[in-house]
Amino acid sequence: MLFLERPTPNMFFTGKGGVGKTSISCAVAVALADAGKTVLLVSTDPASNIDEVFATRLESTPTPIPAVPGLHAVNVDPQAAAAAYRERVVGPYRAMLPADAVASIEEQLSGACTVEIAAFDEFAKLLGDPALTAIYDHVVFDTAPTGHTLRLLALPAAWTGFLGASAAGTSCLGPLQGMLEQKALYAMAVEALSDAAKTTMVLVSRPDKPALDEAQRTSIELAGIDVRNQMLVLNGIFCAEDQADPVAAAMERSAKEAIADMPAALARLERSTIALKPTQVIGVEALRGFFAPAGQTLRPPQAPWVRNRLPALDALVDALEQDGRGLIMTMGKGGVGKTTIASHIAIALARRGHTVHLTTTDPAAHLKSTMAATPGTLTVGAINPAVEVARYRAEVMAATGAKLDASGLALLREDLASPCTEEVAVFQAFARTVGRAADGIVVVDTAPTGHTILLLDAAQSYHREVMRQARSVTDSVRNLLPRLRDPAFTRIVLCTLAEATPVHEAAALQADLRRAAIEPFAWVLNQSLTPLNVTDPLLVARRSQEQRYVDEVTLTHARRAFIVAWQAMSAAGAAALHDRQIALA
């Protein structure tokens, strides 16, 4: 692996959800530590699962991994980081200001934007303050899915610019002094990101078109912020051992076609490849064997094939049809196929004569590329942050700005220039979209889990920010949380794969939803080998591994469970999924 042959002090692993960033970053950290280096492994992903990979409870401070001398790991917990950030900002004022003034500052710091900034604050310390990482030879970052990562990496320039232009002492983040104190640190973080001697950015992809397209977008956008020190890893390369197995042959052919059509910007990058594993990468021994060539990975004993008895996706569409109105949301860990499932549900309902609107809140969405042809009763859209920010700023300036003098207008424009405005604007658009479900069916392909939780949490605190800027809350926002909690209006579909991390991530999401009084409607096990009579030895091993997680979903987590067999097609073929189900054996 090129990134192991020439490791830099900082190494980032980024890409579309589900491509294997966590497995690769953990395996790299173990390999470097086994070579005698001191290593810090950092997750900046709100939906991190490195605890599960190492079977070690991780905290927001470095924790030693007992089985790997020289390796420490840390989870940057966004909520904990936000709490610490709030106290750092608010603490100095507790003895100076009245209680109601302190409460007002804390309220300003209660939104999702503060959570993201606070998490970045922790990230910047690790990247920009050499004293914090001086004892380590390498810091390996397991970063969030692409939308999160690009936002995270763009924040230094965005916030430095905002701070430089700001003239007032408050914003949607409360007193700016808490950030001004960090300005030098943010500048060092930006410098470290773009320095090829200090940092390597490893773009991770699967050999399929959506993941490669996402890596291409990431590469271009990183270059746009002067991060050009990039490498490419193609993970999960499959070579069929049994060409008579039609699933194995289709899987190999699909991967080869995707690689042959790789976008030009990616093809020019230095590239490493990693073979598809017969088992899940959980535990230190699995990590130590991760970079072994294909065919040299130990395979577990095979359990007998249990013929699938779960209903297929069209049975879920039957259950969702109801009275032709309401909200359907697909949720789950990045890379489990939320977009494909959402697209299939929307198309199937439209073909049954319903009026359906399909949209996304995912910053890394590719919905429109999946829809080559759609029924006449289906419309497709997306919540575009740039468009929504422009619309929101215009609305606030017209409503609130008309009542202000020149000084007040200057302060309002400054406030609307803050990155928090995007959170508010996008959330307002989400609330409007949900409102459309009162008169038809709206299918929302949501962001990966961390974004989704922040979005739903904002339903309870977002109106404070709107009141502060615009002095009014729309009916769509006021009705949002009650609608999300109404099982007759909203049906949540949790999407997963029959693997440990996606299942446990979906279970954690279900628990979070239930704490918010939102009950999921159904689970979908996507891209499963369980229904298929495969004969290729590696696929037989992977199918055998799935059974325990199919059982966990059906017996422990799901009120209703449905299964989708592996398809020899990418999400770009989602519009045809209704007609191209692989026959179940």
So which residues in region 530-539 are open to solvent by less than 10 Å² (accessible area, probe 1.4 Å) and of a type outside the set (S, T, N, Q), if there are any at all?
Pro531, Leu532, Val534, Asp536, Leu539
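Listed here are the residues, each with its yes/no results for (1) over 22 Å from Thr530 (Cβ atoms); (2) modelled with pLDDT under 90.
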position: Leu313; (1), (2): no, no
position: Val317; (1), (2): no, no
position: Leu327; (1), (2): yes, no
position: Thr374; (1), (2): yes, yes
Look at region 236-249 and say how many of its residues are within 13 Å of Thr535 (Cα to Cα), open to solvent by less than 30 Å² (accessible area, probe 1.4 Å) and outside any loop (DSSP other than H, G, I, E, B).
3
In region 316-360, residues that are open to solvent by 10 Å² or more (accessible area, probe 1.4 Å) and farther than 16 Å from Leu494 by Cβ total 12
Matching residues, region 180-196, being open to solvent by less than 40 Å² (accessible area, probe 1.4 Å) and modelled with pLDDT of 75 or more
Leu185, Ala189, Ala192, Leu193
Among (1) over 20 Å from His557 (Cα atoms); (2) β-branched (Val, Ile, Thr); (3) at pLDDT 90 or above, which single condition is Ile492 missing?
(1)
Looking only at region 476-520, count how many residues are of a type in the set (A, V, I, L, M, F, W, C), more than 14 Å from Lys338 (Cα to Cα) and open to solvent by 20 Å² or more (accessible area, probe 1.4 Å).
7
Considering only region 1-113, give the strands (runs of 3 or more DSSP E) lying wholly within it that have at least 1 residues that are open to solvent by less than 20 Å² (accessible area, probe 1.4 Å), in contact with a Cys (Cβ under 9 Å, 6 or more places away or on another chain) and modelled with pLDDT of 85 or more.
39-43, 71-75
Does Ala189 qualify as being in a helix (DSSP H, G or I) and within 30 Å of Ala83 (Cα to Cα)?
yes
Residue by residue through region 256-275, note down the ones that are of a type in the set (Lys, Arg) and in a helix (DSSP H, G or I).
Lys256
Taking region 250-289 as the search range and keeping residues that are open to solvent by 40 Å² or more (accessible area, probe 1.4 Å) and among the β-branched types (Val, Ile, Thr), which one is nearest to Thr501 (Cα to Cα)?
Ile282
Cβ-Cβ under 8 Å, sequence separation 6+ or interchain: first residue in region 23-36 and at negative phi, partner buried (at least 24 other Cβ atoms within 10 Å of the Cβ) and of a type in the set (Asp, Glu). Which pairs?
Ser25/Asp142; Cys26/Asp142
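The values are calculated or read from the model by the stated rules, or taken from the named source; none is laboratory data. Just so you know, these numbers come straight off a predicted model, no measurement behind them. Using ideal geometry, Cβ is built from the backbone for each residue, glycine included, and neighbour counts are taken over all protein chains shown. Note: accessible area is taken over every heavy atom of the protein model, side chains too, but ligands, DNA and RNA are not part of it. Shrake-Rupley method; radii C 1.70, N 1.55, O 1.52, S 1.80 Å.
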